[in-house]
Amino acid sequence: MQWYLVASLLTILTSSQGILTTLSKTNGRYRYDYATVPFLAEVFKLLVSSFLLWKEIQKSPPPKMTTDWKSVRLFPIPSIIYLIHNNVQFATLVYVDASTYQIMGNLKIVTTGILFRLFLRRKLSNLQWMAIVLLAVGTTMSQVKGCGEASCDSLFSAPIQGYMFGILSACLSAFAGIYTEFLMKKNDDTLYWQNVQLYTFGAIFNMARLLLDDFRNEFEKGPWWQRLFNGYSFTTWLVVLNLGSTGLLVSWLMKYADNIVKVYSTSMAMPLTTVLSLFLFDFRPTLQLFLGIVVCMMSLHMYFAPPSMLIDLPKMLNEDSESLLEVYVDRRTDSSR
């Protein structure tokens, strides 16, 4: 399967994620425990990956699976990073409002590019760096409200702790993605075996979170397994399936593409979400949103288009370059004699 097909499907699922979550509300509130959704999504991913692994094992020769502890012990680390990231998110929201936090979250686009270069040793061209920065600018522009509103003034009035936690949150989010890509590509193990390891630990950590919430609330609503499906509707199950399917597509991209493709796939969900929201909700797009989408589309073209499409050299300049190259080759030939 081509990576751009998977990336397109990820964009569609990501754009529908927020819409399905909104539709799952009843009278503006969740009738179910939203913390159970990530847990069930992890279980769904684990079941699907286990089934696909079982199907692959039936083939000959069997797939490669590294089972030594030195390799397996690396797979809980992404779950631990995301657990820390979730706590940092709550700490950030203590100091900044939701709009400021959403805007600061776009820093993870740039930090992903930086960590992509530092840890994975993947070199990016100057045009690609410019495209990544443009993507961050475009997504931020689309989220900025009118400057006459009070929320615009709050963007630069938060305490310094809020900005520090926001930067830390962006770095943790980017590092979790980079580390997951490292795990997926460090050996030739089958994708499904790697997924089974990832999602096993993911389900364990999400279950631990549900149990911790019970202890914090002193089991006021009973243990989490008794209310696991309380308030679930057909739309809620679609949210679970959407979140689980998104995770499976992300793991495929981590194995066969890279983090930057994933970042663009999720960022390009913004224009699609806008179009769907126009028909489903009473949504009125702003000028900032429209300009942000245009900048993001320009960034997409800059990053993935061949350089020859971005730099249109004049015909005479091309001919001069070819003649200079011929002279250079002739001189190299003469000097080697």
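The values are calculated or read from the model by the stated rules, or taken from the named source; none is laboratory data. The structure displayed is predicted, hence computed values, not measured ones. In this analysis, Cβ positions are derived from the backbone assuming ideal geometry, glycine residues included, and neighbour counts consider all displayed protein chains. Side chains included, ligands, DNA and RNA excluded: accessible areas come from the protein's heavy atoms. Shrake-Rupley method; radii C 1.70, N 1.55, O 1.52, S 1.80 Å.
Select from the range 60-118 the residues that are among the hydroxyl-bearing types (S, T, Y) and closer than 15 Å to F175 by Cβ and list them in ascending order. If you could, list the steps in order and put the result at the bottom.
In the first step, residues of the range 60-118 are kept if they are among the hydroxyl-bearing types (S, T, Y); the result is 60, 66-67, 71, 79, 82, 92, 95, 99-101, 111-112.
Of everything in the range 60-118, those that are among the hydroxyl-bearing types (S, T, Y) and closer than 15 Å to F175 by Cβ turn out to be S79, Y82, T111, T112.
For the range 1-29, which positions are among the aliphatic types (A, V, I, L, M) and over 15 Å from the mean Cα position of the chain (by Cα)?
M1, L5, I19, L20, L23
Taking the options T266, T236, name whichever one is among the polar types (S, T, N, Q), under 30 Å from V137 (Cβ atoms) and assigned to a helix (DSSP H, G or I). Lay out the reasoning, then the answer.
On the way: T236 fails: under 30 Å from V137 (Cβ atoms).
When all the criteria are applied, what remains is T266.
What are the residue pairs meeting all of these: first residue in the range 237-263, first residue more than 18 Å from V196 (Cα to Cα), second residue part of a helix (DSSP H, G or I) and open to solvent by 30 Å² or more (accessible area, probe 1.4 Å), Cβ atoms under 6 Å, and 6 or more apart or on different chains?
L238/L20; V239/L20; N242/L13; N242/Q17; N242/L20; A257/W3; K262/V250
Using the structure shown, decide if F279 is open to solvent by 20 Å² or more (accessible area, probe 1.4 Å), free of Cβ contacts under 8 Å to residues at least 12 places away in the same chain, outside any helix (DSSP H, G or I) and more than 18 Å from V43 (Cα to Cα). Even if it seems obvious, please write down each step before you answer.
On the way: open to solvent by 20 Å² or more (accessible area, probe 1.4 Å): yes; free of Cβ contacts under 8 Å to residues at least 12 places away in the same chain: yes; outside any helix (DSSP H, G or I): no; more than 18 Å from V43 (Cα to Cα): yes.
Here the answer is no, as F279 does not meet what is asked.
Return the only residue of F90, F51 being at pLDDT 90 or above and exposed (fewer than 14 other Cβ atoms within 10 Å of the Cβ).
On the way: F90 fails: at pLDDT 90 or above.
Exactly one residue qualifies, and that residue is F51.
Suppose we keep only residues that are in a helix (DSSP H, G or I), open to solvent by 60 Å² or more (accessible area, probe 1.4 Å) and closer than 25 Å to T286 by Cα within the range 149-170. Which one would you say is modelled with the highest pLDDT?
Only one residue tops the list, namely F156.
Considering only the range 1-108, give the helices (runs of 4 or more DSSP H) lying wholly within it that have at least 3 residues that are farther than 19 Å from I204 by Cα. Write out each step before concluding.
Details: elements: 3-23, 36-57, 69-72, 76-95, 98-104.
Hits in the range 1-108: 3-23, 36-57, 76-95, 98-104.
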